Structure formats: C-alpha cells, structure tokens
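Trainee: Quick one: structure below, then a few questions.
The values are calculated or read from the model by the stated rules, or taken from the named source; none is laboratory data. From a predicted model like this one, the values you see are computed outputs, not experimental measurements. Counting neighbours? That spans all protein chains shown, and the Cβs are built from the backbone with ideal geometry, glycine included. Surface accessibility is based on the protein's heavy atoms, side chains included, excluding ligands, DNA and RNA. Shrake-Rupley method; radii C 1.70, N 1.55, O 1.52, S 1.80 Å.
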Amino acid sequence: MQKAHTLLAKSIHWSFILLYVYGIFKQVNNLEDLEDTNLLLFEIIFATVFLVIVILRYSYMSRFKTFLGSREPVHIVHYYFARTVHKAMYACFILLPLTGLMIAGLYSQGYTVNATPDEEQTVIDVVLDLHGAVADLSYMLIFLHIGAAIYSRIKGEGVWSSMVPILKEDKPTENEIVNKIASLEEQFYDKAQALFTWKKK
C-alpha cells in the first residue's frame, strides 16, 4: 500500500505554491495599470497558464487519497470535511484566473470602475468583487489547510510525512494533552455523524 506521495506529486504540490505566491505578490492593485498593453498581455498569459496548471494538478492529484500516509483509519466526517476543503481550494484556484481573465477582457472592451459609490454597479464591478471575494476565501482555506497539516504533524498521524520532506513523524505522539484533544476531536466527529445519520431517517 502506498504510504507517501510520488516525487512528481510532491513537485507539483510545492511548485504550485510558489506559483500561487508569485501571483499574489505580482497582482495588479490599480485597474488603470492595465492600460499598459504589455502588462495586460502578461496578465492574460499568466492567468491562462495558471488555469491550465490548476486543471492538470487536479487531474493528477485526484488519484491520491486525501489522507495518504495516515497510520490510523480516518473518521468519515473528518474525511469528508477535508475533501470539502480541498475541493473548495481548487474551486478558488480555478475562479481566480477565470475572473482575472474576465476583468482583463472587460477592461479591454472599455469597461471601467464607477467614478462614485452612488452610481449603479457595472458588470466589471461585479467581477472585481467576485475576484476579491475568491482571493480572500482562498487565503482562509489555505491557512486552514496549513493549520490542519501542522496539527496532523503534532499528532504524528503520518500524513505530514507523505508530502513534506522535513520534520517527519516516526510514530504517533505520546503527549497526553495532544491525545486528549484528539480524543475530543473524535467525539465531535462521532456526534456529527450521529446527527447526520439521524436527519436521514
């Protein structure tokens, strides 16, 4: 049974992080900057490449289990929660370049932001708001993902070691406080499962 991600999977995972961070830091802060034709063209190319890479990444990474490397069976509620977070991140990674391309296309067609807040929103305002909301959601989901990965590493579940090349776990933690928190976590999942099961009846 496979206990770790392949070298290709790890390379895709970590190189995509660099691409995402670069995209955040080089983003256009003022829409008027797109008047620069070279910058507009670069943004279009970058968004297109980003979108293609996201789709290829999802196509490849979807073959791996969400908790690949886990030493213990994963609670079904925990599994679906993690899957939901992963899929939400991918949705954000797809919507970010798509809305970016829409902004570039609309701007090149003469659509601009309203001069005053009193005026009705134009289509580009709606797309800009959506783009910003998706970006903010992606930040929150990524922080949640990182927090969950660190928590998993503290518990010594083995999932961290399947993807991260440093600070690998040798065995589950023996820390009483961490184990107590993990026990409470499992109780929460049990109650959540019982609640959903009861609603289905």
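Trainee: When the scattering of the stretch 1-87 is computed by the Debye formula from its Cα atoms alone, each counted once and equally, what is log10 I(q)/I(0) at q = 0.12, 0.13, 0.16, 0.23 Å⁻¹?
Mentor: Debye curve over Cα of the stretch 1-87, log10 I(q)/I(0) at q = 0.12, 0.13, 0.16, 0.23 Å⁻¹: -0.53, -0.60, -0.78, -1.18.
Trainee: Work out the FRET efficiency for L144 and S108 from their Cβ-Cβ distance, taking R0 = 41 Å, and round it to the nearest 0.05.
Mentor: After rounding to 0.05, the efficiency reads 0.70.
Trainee: Evaluate the relative contact order of the chain (contact order divided by residue number), counting alpha-carbon pairs under 8 angstrom at least 6 apart; express in whole percent.
Mentor: The normalised contact order for the chain reaches 24 percent.
Trainee: In the chain, what percent of the accessible surface is made up of carbon and sulfur (1.4 Å probe, ligands and nucleic acids excluded)?
Mentor: On the chain, the fraction of accessible area on carbon and sulfur atoms equals 66 percent.
Trainee: Angle between the Cα long axis of helix 7-25 and the longest principal axis of the chain, 0 to 90 degrees, nearest 10?
Mentor: Approximately 40 degrees, to the nearest ten.
Trainee: In the structure shown, do any of K3/K168; K10/K65; K87/K168; K65/K191; K10/K168; K65/K87 have a Cα-Cα gap over 18 Å, and if so which?
Mentor: In this structure, K87/K168; K65/K191 exceed 18 Å between Cα atoms.
Trainee: Can you list residues from other chains, or at least 5 along the same chain, whose modelled amide H is less than 5 Å from the amide H of T122?
Mentor: Counting only residues 5 or more places away or on other chains, the set is N114.
Trainee: Another question, then. Heavy-atom accessible area of V127 with all protein chains present, probe 1.4 Å, nearest 10 Å²?
Mentor: For V127, solvent-accessible area is about 10 Å².
Trainee: What accessible area per residue, rounded to a whole number of Å², is obtained for the chain using a probe radius of 1.4 Å?
Mentor: Each residue of the chain exposes 66 Å² on average to a 1.4 Å probe.
Trainee: Quote the relative contact order of the stretch 54-145 in percent (integer), defining contacts as alpha-carbon pairs under 8 Å separated by 6+ residues.
Mentor: 31
Trainee: Turning to a different aspect of this structure: Put +1 on the Cβ of each Lys and Arg and -1 on the Cβ of each Asp and Glu in the chain; which of H75, M163, A133 then has its Cα farthest toward the positive end of the dipole?
Mentor: In the chain, that residue is H75.
Trainee: Which value results when the Cα radius of gyration for the chain is divided by 2.2 N^0.38 Å?
Mentor: Ratio of Rg to 2.2 N^0.38 Å for the chain: 1.28.
Trainee: A further question follows. In percent, what relative contact order does the stretch 126-193 have, based on Cα pairs under 8 Å that are 6 or more apart in sequence?
Mentor: The normalised contact order for the stretch 126-193 reaches 19 percent.
Trainee: What is the dipole size for the chain, taken about its Cα centre, with +1 at each Lys and Arg Cβ and -1 at each Asp and Glu Cβ, in debye to the nearest 20?
Mentor: Dipole magnitude for the chain comes out near 1600 debye.
Trainee: Quick check: pseudo-label points 7 Å beyond the Cα along Cα→Cβ at A133 and Y151, how many nm apart are they?
Mentor: Placing both labels 7 Å along Cα→Cβ, they lie 2.6 nm apart.
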